[in-house]
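So the structure is just underneath, and the comments pick up after that.
The values are calculated or read from the model by the stated rules, or taken from the named source; none is laboratory data. Bear in mind the structure is a predicted one, so any value in this text is a computation, not a measurement. Backbone-built Cβ (ideal geometry, glycine too); neighbour counts: all protein chains shown. Surface areas here come from the heavy atoms of the whole protein model, side chains and all, with no ligands, DNA or RNA. Shrake-Rupley method; radii C 1.70, N 1.55, O 1.52, S 1.80 Å.
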Amino acid sequence: MNAPKRVSATGPGAAKACTVNPLRMSQPLGAALAFLGIDRSMPVFHGSQGCTAFGLVLFVRHFRESIPLQTTAMNEVTTILGGGENIEKAILNIHKRAKPAFIGIASTGLTETKGDDVAGDLRRITAAHPELDMPIVYVSTPDYEGAFQDGWAKAVKGIVESLARPAATIRGQVNILPGCHVTPGDIVELREIVADFGLHPIVLPDLSGSLDGHVPKDFSPTSLGGTRVADIERAGASEATIAIGEHMRPAAHALTDKTGVPAKVFDTLTGLEAADDLFAWLSALSGRPVPEKYRRQRSQLVDAMLDAHFFFGAKRVAIGAEPDLLWALGAWLKEMGCTLAAAVTTTDSPVLAYLAAEGARIGDLEDLEAQAHGCDLLISHSHGRQAAERLGVPFLRMGLPIFDRLGAAHRVIVGYRGTRDLVFEVGNVFLAHGHESLQSGAPAGADEPLRASGFEGSRACADARHDHDSATEAYWP
Amino acid sequence: MDSLANTVQQVFNEPACGKNLGKSDKERKKGCTQALQPGAAAGGCAFDGAKIALQPITDVAHLVHGPIACEGNSWDNRGAKSSGPLLYRTGFTTDINGTDVVFGGEKRLFRAIREILAKYDPPAVFVYQTCVPALIGDDIEALCKAASAKFGRPVIPINAPGFVGSKNLGNKLAGEALLEHVIGTEEPEYTTPYDINIIGEYNLAGELWQVKPLLAELRIRVLACISGDARYREIASAHRARAAMMVCSKAMINVARKMEERYGIPFFEGSFYGVSDMSEALREIARLLVARGAPPDLEARTETLIAREEARAWSRLAAYRPRLEGKRVLLITGGVKSWSVVAALQEVGIEIVGTSVKKSTKEDRERIKKIMGDEAHMIEDMAPRDIYKLLKDARADMMLSGGRSQFVALKAKVPWLDINQERHHAYAGYDGMVALVHEIEKALYNPVWAQVRRPAPWDAEVAS
Ligand code: SF4
């Protein structure tokens, strides 16, 4: 059993028993979101109905969309007797009412504790009901292990393993396996980039088809779009697979093992260097030069970095996020001259080693808050708002859930253009909380030497007091 | 039968519940939770219901014993407001891991309680049971008892693991926990003949604060609100109230009834939604207090206040009438608030084209029938697809519902307003009703509807 490591802020090695202000969400939720990236799909939690209700509310508040998510509705008695019958009823009911093209089932803590043999149940059910014509993918995602990101990764790996097949290579076709931190907006950006090299991407899962916030022509009880099952089956014909984020490595490798399609893992696509890697790789794969449009975008990013670096230098930033988002943001902020005052994450990952010098740890928002005193910026999902308010530091919402701001699905932080916009967004937060009055009338950057010469610390303290009320609300109009 | 099963049975047998009166013994045993349909169920679990009912107690540490799912996926997602302490908004969970599942989670729970007391020093810790520890047999009742004794601080077990039933059952089990462990354990600093309890009001969006000033003007003191904006001590000393009002239909009927039984506190069921309902509630409070010995002039003073407030509310509402008269509204909500909102909307000339009665009690249905005249408008259980079609066919101008179904309306490009617990506006009291009508008007007349319904140029070309 891979119990998550617990490291706490309360003393070296002293594990705390109580998680305070959770940063982490449970695995089945991540799996459900991955399933929601499949066209006309219906994710199901094998568990009690409350788990589904919570997941549903969480996604609804983040995406501001209807969320198809069902439950096997286990109760105390059915849990003890075994859930096979409930799984069967759930599948038949869903098939009858919603006619999905795909069903994804994720187990929960309850049914894992009992130890249901879901795979066996599914073999029996599909044999008994030949009318069930859609693929059903099951992943084991106990709530008491891992985190959201792990659930997503397992679901994608499970989908690949059960649906992808080896096939003769189609030139120009590439697979993209985005991590759970890649937004629908990011996917749209990536698809455009890849297509501009004359390549044809299959994105799995494709939240840009289902949760990009659009108005469909008619009501649908299933997901409104996403990767078509037929496309998943064709993924074995691609020339290559791009995985985004370390947590997508196992799924990419599973695809290689099953179909022979070679995989390239990009640990991040945020930042100049990371974007350079992507464009160089795409250019090599396609045999085409980088289009003029992106050369211009790169130049704009470089210019943005030149203009903005004054405001980033030596800023202290505290981040709480799922590992690969933490890495994407943390690595980029370091490239911009910031230091990481705290790096708290949710689950075990190679990222913990990448950020070892920064003391990256698995923890909760209480841990993050304890380390974030006097920092210049706190970044986490919306739940960090209370900590930011108490600390009186500027707060940037990143990740999921973001329930108190609009447009979470359309944030773009990948590629040259995404990074450029992120430079501006974060730079503006620093600007808004810096000495704006000093700057008025002075040439741009005129006060910068002051900051570089140790003015920083006292300013941060003053700001922490001064901004107490407005701090958390001052940007994101 | 273990103690939890016992309590659940007791709650199902609730004699004051109108629904129960019409049932046979056997039916009653089965309880009010309809058997859930796998693959076609929606709704929160008993733990969710218990948390909704108790989390509004603001100075208590609410500790969820379970895997990260129960608290991590749901914390800080409700709008109960506090006038003081903010500890209730801190998410505490034992976040049990695989090892705990194998060896039991009680040790971790005990240490978690100790950590919370040391770090946050709350007047009490509420420990919520969830499915996994219930399944592996963690005995939170015994553990809380031991922890209370060891730390000299109330540690209250809230034994409502999700899989025992619905949100509504969770509300009631939460009430049982208060009756069993909290109410009557402390004494108020002083009492007055005007002390009341309000039961089943959660101060969502600060609604209680639209009512409290009116009560204060009548010198009526809310000894305890169970549980909106409450402090632990207030709940613990709630048994000294002279009368009680039970809000929100039957969610906490067991608390009201047992407090009457144990402490002789008479109660009535009322609502703060709607002008006449609000007046009726004030009247009833005054009547009960006077019956229990409050100075009789209270009733006259109450009538004076009602007359003034109603006149003010009516004149403010009248201003909306020309713009709202004849507008057709579809009301999809848990039954609890249906009838009171229906009455309120009719007050400004809004036509209710349908209201859901899925979760309504028989009594609620009767009331709706009385208010709306016929049964045709009562919607038993409408599938989202059918609601969408109804709206798309323009058979309603607007939908009022809970947050979950909002996109059914918005995607049909029909105005929508949140009237459930995630809402951001307070609709209770006289001012609240004006606020609700104001929000409806704002939504209906937003120019955005004309914009978003415009055909795209390419579609328009095809059409012309
Ligand atoms: S159903 Fe059980 S496991 Fe799921 S959220 Fe409710 S208490 Fe937790």
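In debye to the nearest 20, how big a dipole does the range A:173-291 give about its Cα centre with +1 on each Lys and Arg Cβ and -1 on each Asp and Glu Cβ? Don't skip to the answer; put the middle values down first.
Numbers: 8 positive and 16 negative charges, 74 e Å.
With only Lys, Arg, Asp and Glu charged at Cβ, the dipole is about 360 debye.
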Report, ordered by chain and residue number, the aspartates and glutamates lying within cross-link reach of B:Lys392, taken as a straight Cα distance under 14 Å and ignoring same-chain residues fewer than 8 apart.
A:Asp218
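Say R0 is 30 Å: what FRET efficiency, to the nearest 0.05, do B:Glu261 and A:Ile80 get from their beta-carbon distance?
Details: r = 35 Å, r/R0 = 1.17.
The formula returns an efficiency of 0.30 here.
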Quick one: grab the alpha carbon gyration tensor of the range A:27-162, order the square roots of its eigenvalues as a ≥ b ≥ c, and give me rounded if a/c is under 1.5, else prolate or oblate depending on whether a/b is larger than b/c.
rounded
Mind checking which aspartates and glutamates have their C-alpha under 13 Å from A:Lys264, skipping anything on the same chain fewer than 8 residues away?
A:Glu239, A:Glu246, A:Asp277
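Would you mind calculating the relative contact order of chain B from Cα pairs under 8 angstrom and at least 6 residues apart, reporting the percent as a whole number?
Working: 844 pairs, mean separation 63.1, N = 464.
Reported relative contact order: 14 percent.
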Compute the accessible area per residue over the protein assembly as shown, keeping the other protein chains in place, probe 1.4 Å, unit Å².
37
Separation in nanometres of the label points that stand 7 Å from Cα toward Cβ, at A:Asp277 and A:Arg405
2.6
Each label point is 7 Å from the Cα along the Cα-to-Cβ direction; what then is the distance between the points at B:Ala319 and B:Lys107, in nm?
6.6
The relative contact order of chain A, taking Cα pairs under 8 Å that sit 6 or more residues apart, comes to a percentage of 17
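Report the gain in length on full extension from A:Leu92 to A:Ala357: 0.36 nm times residue separation, minus Cα-Cα distance, nm rounded to one decimal. Could you put the intermediate results ahead of the total?
Working: separation 265, 0.36 × 265 = 95.40 nm, distance 5.21 nm.
Using 0.36 nm per residue and subtracting the Cα-Cα distance, I get 90.2 nm.
What full-extension length gain, to one decimal in nm, is calculated for B:Ser83 and B:Asp459 as 0.36 nm per residue of separation minus the Cα-Cα distance? Please report the intermediate quantities before stating the final value.
Values: separation 376, 0.36 × 376 = 135.36 nm, distance 5.29 nm.
Extra length from B:Ser83 to B:Asp459 when fully extended: 130.1 nm.
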Which value, in debye to the nearest 20, describes the size of the charge dipole of the protein assembly as shown about its Cα centre when Lys and Arg Cβ atoms bear +1, Asp and Glu Cβ atoms bear -1, and nothing else is charged?
1340
Sorted by accessible surface (1.4 Å probe, heavy atoms of the protein chains only), largest first, B:Val353, A:Val118 come out as B:Val353, A:Val118
Counting only protein heavy atoms and leaving out ligands, DNA and RNA, the solvent-accessible surface of B:Phe151 at a 1.4 Å probe, in Å² to the nearest 10, equals 50
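Multiply the residue separation of A:Arg288 and A:Asp348 by 0.36 nm, subtract the distance between their alpha-carbon atoms, and state the gained length in nm to one decimal. Numbers along the way, then the final one.
Values: separation 60, 0.36 × 60 = 21.60 nm, distance 3.84 nm.
Taking A:Arg288 through A:Asp348 to full extension adds about 17.8 nm, to one decimal.
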In whole Å, what are the extents of chain A along the principal axes defined by its C-alpha atoms, from largest to smallest?
77, 55, 43
By how many degrees, 0 to 90 and rounded to 10, does the Cα axis of helix B:167-181 deviate from the longest principal axis of chain B?
40
Compute, for the range B:93-183, the length of the dipole vector about the Cα centre, with Cβ point charges of +1 (Lys, Arg) and -1 (Asp, Glu) only. Units Debye, rounded to 20.
200
For A:Ala230 and A:Arg296, extending 7 Å from Cα along the Cα-Cβ vector and measuring point to point gives, in nm, a value of 3.6
What are the residues of the range B:120-134 that lose 20 Å² or more of accessible area, with a 1.4 Å probe, going from their chain alone to all protein chains?
B:Tyr120, B:Cys131, B:Val132
So which residues in the range B:69-89 end up with at least 20 square angstrom less accessible surface once the other protein chains are there, compared with the chain by itself, probe 1.4 angstrom?
B:Ala69, B:Gly72, B:Asn73, B:Ser74, B:Trp75, B:Asp76, B:Asn77, B:Arg89
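Roll a 1.4 angstrom probe over the protein heavy atoms and tell me the percent of accessible area of the protein assembly as shown that is carbon or sulfur.
Values: 18830 of 35100 Å².
The computed percentage sits at 54.
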Nearest-ten-degree value, helix A:84-98 long axis tilted from longest Cα axis of chain A:
80
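If DNA, RNA and ligands are ignored and the probe is 1.4 Å, what is the ranking of B:Tyr128, B:Tyr202 by accessible area, most exposed first?
These residues rank, largest area first, as B:Tyr202, B:Tyr128.
If I take R0 = 56 Å and measure r between the Cβ atoms of B:Thr304 and A:Glu192 in this structure, what FRET efficiency does the formula 1/(1 + (r/R0)^6) give, to the nearest 0.05?
Working: r = 69 Å, r/R0 = 1.23.
After rounding, the FRET efficiency stands at 0.20.
Considering only DSSP beta bridges whose two residues both sit in the protein assembly as shown, what percent are antiparallel, to the nearest 5?
Details: 4 of 81 bridges.
Of those bridges, close to 5 percent are antiparallel.
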Quick one: check the C-alpha center-to-center distance for the range B:116-184 versus the range B:189-207, whole angstrom.
23
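Can you pull the semi-axes for the protein assembly as shown, root of five times each eigenvalue of the Cα gyration tensor, sorted largest first, whole Å?
Its equivalent ellipsoid spans semi-axes of 46, 32, 31 Å.
Quick one: if the Förster radius is 22 Å, what FRET efficiency do B:Lys392 and B:Trp449 give, using the C-beta to C-beta distance and rounding to 0.05? Provide the component values of the computation, followed by the final result.
Values: r = 14 Å, r/R0 = 0.62.
Taking R0 as 22 Å, the efficiency between B:Lys392 and B:Trp449 is 0.95.
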With N residues in the range A:173-291, Rg(alpha-carbon) / (2.2 N^0.38 Å) equals 1.07
Summed buried accessible area for A+B [probe radius 1.4 Å, Å², rounded to 100]
5400
Output the pairs from B:Lys150/B:Lys172; A:Lys217/B:Lys327; A:Lys89/A:Lys114; A:Lys99/B:Lys389; A:Lys154/B:Lys411; A:Lys16/B:Lys51 with a Cα-Cα distance over 22 Å in this structure; if there are none, say none.
B:Lys150/B:Lys172; A:Lys217/B:Lys327; A:Lys154/B:Lys411; A:Lys16/B:Lys51
Could you order B:Thr7, A:Thr222 so the one with the most accessible surface comes first? Probe is 1.4 Å.
B:Thr7, A:Thr222
Just read off the accessible area of A:Trp281 with the full protein assembly in place, 1.4 Å probe, to the nearest 10 Å².
60
Between helix A:49-63 and chain A, what is the angle of the helix's C-alpha long axis to the longest principal axis, kept within 0 to 90° and rounded to the nearest 10?
40
